[in-house]
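Chemist: Below is one structure. I have some questions about it.
Where a number appears in this text, it was derived from the coordinates with a stated rule and is not lab data. Because the structure is predicted, anything quoted here is derived from the model rather than measured. For neighbour counting, all protein chains shown are included, and Cβ atoms are generated from backbone atoms with ideal geometry for every residue, glycine included.
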Amino acid sequence: MARQSSADPSEVGKFDALASRWWDRSGPMRPLHAMNPARAAWIMQRIRAQYATGPVRLLDVGCGAGLLSESLARAGCRVTGIDAAPETIEVARAHAAAQGLTITYRAAETTDLRAEGLRFPVITALEVIEHVPDPQGFLNDLAALLEPGGLLFISTLNRTAQSFAIAKLGAEYLLRLLPVGTHAWSRFITPGELAILCRNAGLCLSDIAGLVPTPLTGGFRAARNLSVNYIALARN
C-alpha cells in the first residue's frame with residue numbers, strides 16, 4: 001500500500017519560496033549548480049554501462065527547477081521530473097521550454113506515482129531523502145517505482161563532524177551560500193544507514209562515491225571521501 005504523503009509541508013514551503021532564484025548561479029542554489037556536472041556525469045556513466053546509447057526513461061524525484069533533469073535530458077534520457085513544490089515545478093517547465101527541452105514535469109510525490117502503478121528503469125533522487133519525514137517509507141516508494149533490474153541513484157549528506165562544520169555552519173551561517181535552515185544536520189544519513197534503508201526496501205547498494213570541491217574550478221569531482229556529500233547507486 002502506498003503511503004498518504006512522502007513530503008514534509010514545511011520543507012516544501014521552504015523550497016517553493018526559493019523557486020524564482022533556482023537558476024541563479026550565484027543565488028541560494030549555487031552549491032547545486034556547482035555539483036550538478038559531476039553528479040550528472042557519474043549517473044550517466046553508469047546508465048550507459050547498462051543501457052548503451054539508446055534513450056532511457058528516467059524519473060527525477062525532487063527535481064526542483066530542473067538542474068539535473070535538464071542535464072540528463074541533454075544526455076539522451078527521456079525525463080519525467082516530479083517535485084512536491086508546485087511553484088518550483090512551474091519554474092522548471094518554463095526554463096525547459098526556453099531551452100527547447102522536452103521534459104515531463106509534474107507537481108507530485110512518489111506516493112502519487114506509486115498509486116498510479118508507474119515504474120521506471122532509472123530513478124534519481126538527489127538531495128531529497130534528508131528532507132522527507134519518513135526516509136524508509138520514501139525508499140520503499142522508490143523501490144516500488146523501480147523496474148526489475150533498474151538503477152536508483154541517491155545523493156545526500158553524511159552525518160559527520162565535517163558535514164556539520166561545512167554543510168551546516170559553513171554554508172548557511174559563515175559563507176551564506178544557503179539560507180539558514182536549509183538543512184537539519186540531524187536528518188543527514190550515513191552511508192551505513194542508507195545501506196540498511198535500501199536493504200529493508202529490497203535494494204542493494206552497488207556503488208558509492210563522495211563529492212568533493214575542486215577549488216581551482218569552483219566545481220566538484222567524484223572521490224573516495226564520503227565525509228560530507230556522497231552519491232550512491234542501488235539496484236533491486
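Chemist: Rounded to the nearest 500 deg cm²/dmol, what is the calculated helix-only ellipticity per residue at 222 nm for the chain, with -39500 (n - 2.57) per DSSP H run of length n ≥ 4?
Modeler: Counting only the DSSP helices, I get -10000 deg cm²/dmol.
Chemist: State the answer as a single residue: which of Ala115, Trp42, Phe164 lies farthest towards the positive end of the charge dipole of the chain, with beta carbon charges of +1 for Lys and Arg and -1 for Asp and Glu, about the Cα centre.
Modeler: Highest projection toward the positive end goes to Trp42.
Chemist: With +1 on the Cβ of every Lys and Arg and -1 on the Cβ of every Asp and Glu, and nothing else charged, how large is the dipole of the chain about its Cα centre, in debye rounded to the nearest 20?
Modeler: 720 debye
Chemist: Residues with amide H under 5 Å of Gly219's amide H, sequence separation 5 or more or different chain, H placed in the peptide plane at 1.01 Å from N; which?
Modeler: The list, which skips near neighbours in sequence, is Thr214.
Chemist: Say we join alpha carbon atoms closer than 10 Å with springs in a Gaussian network model of the chain; which of Pro121, Pro28, Pro215 then has the biggest fluctuation?
Modeler: Looking only at Pro121, Pro28, Pro215, the largest GNM fluctuation is found for Pro215.
Chemist: Right, here's the next one. Using Cα pairs closer than 8 Å and at least 6 residues apart in sequence, work out the relative contact order for the range 9-235, in percent.
Modeler: 19 percent
Chemist: Next question, about the same structure. Out of Ser26, Ser163, Ser155, any idea which swings most in a Gaussian network model of the chain, alpha carbons joined below 10 Å?
Modeler: In the Gaussian network model the winner is Ser26.
Chemist: Once you sort the root eigenvalues of the Cα gyration tensor of the range 188-236 as a ≥ b ≥ c, which label holds: rounded (a/c under 1.5), prolate (a/b larger than b/c) or oblate (the other case)?
Modeler: It comes out prolate by the Cα gyration axes.
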